[in-house]
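**Q** Have a look at the structure that comes next, please.
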Amino acid sequence: MTMDLGLLLLRLVIGLSFVAHGAQKLFGWFGGYGPKGTGGWMESMGIKPGVAAAVMAGLMELVGGLLLAAGFLTVLGAALITLAMLGAIVKVHGKNGYWSTANGYEYNLLLIAAAVALALTGAGTYSLDALIF
């Protein structure tokens, strides 16, 4: 039971955080800039077309976060989150080294590790995966 509560806590915190980040990109919620503003920032880094990239990143974060939080198709949710973070490392943080204090990829890597760990261990008893499958 303790492990299942730990998995639930991990899924909810990471999943809902990604839902919020996706909503920032897609809808401009929670202080975000929406597709146009995020797309402009992406284009300034050479990611074109920016609006399409912002929508794709936002969808990966929102859907991946929802799946992870619910513990439904957990492997797919973890894969979407992992892909989004790999994109952030390659396009934004990788060139800055490891440490997040220097805008590096440390935090992105921690999120990837957590998502992959959830994919490997499963969502736990308190999940839709356990209920359905």
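**Q** On the given criteria, is Ala57 part of a helix (DSSP H, G or I), touching a residue at least 60 places away in the same chain (Cβ under 8 Å) and either surrounded by 17 or more Cβ atoms within 10 Å (Cβ to Cβ) or on the phi > 0 side of the Ramachandran plot (or both)?
**A** The answer is no for Ala57.
A quick yes/no check of all residues on (1) modelled with pLDDT of 95 or more; (2) closer than 30 Å to Tyr126 by Cβ; (3) out of contact with any strand residue (DSSP E or B) (no Cβ under 6 Å at 6 or more places or on another chain):
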position	(1), (2), (3)
Thr2	yes, yes, yes
Ile14	yes, yes, yes
Val19	yes, yes, yes
Gly34	yes, no, yes
Gly39	yes, no, yes
Met42	yes, no, yes
Gly46	no, no, yes
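**Q** Sticking with this structure for a sec: Going through the range 110-120 one residue at a time, which ones are open to solvent by 40 Å² or more (accessible area, probe 1.4 Å) and touching a helix residue (DSSP H, G or I) at 6+ places or on another chain (Cβ under 7 Å)?
**A** Listed by number, the list holds a single entry, Val116.
**Q** Output the number of residues of the range 64-101 satisfying the condition of being part of a helix (DSSP H, G or I), open to solvent by 60 Å² or more (accessible area, probe 1.4 Å) and either under 14 Å from Ala23 (Cα atoms) or hydrophobic (A, V, I, L, M, F, W, C) (or both).
**A** Count: 6.
**Q** Follow-up. Only residues that are assigned to a helix (DSSP H, G or I) and among the β-branched types (Val, Ile, Thr): list them for the range 42-54, please.
**A** The one that is assigned to a helix (DSSP H, G or I) and among the β-branched types (Val, Ile, Thr): Val51.
The values are calculated or read from the model by the stated rules, or taken from the named source; none is laboratory data. Keep in mind the model is a prediction, meaning the values are calculated, not measured. For neighbour counting, all protein chains shown are included, and Cβ atoms are generated from backbone atoms with ideal geometry for every residue, glycine included. The area values use the complete protein model at the heavy-atom level, side chains included, leaving out ligands, DNA and RNA. Shrake-Rupley method; radii C 1.70, N 1.55, O 1.52, S 1.80 Å.
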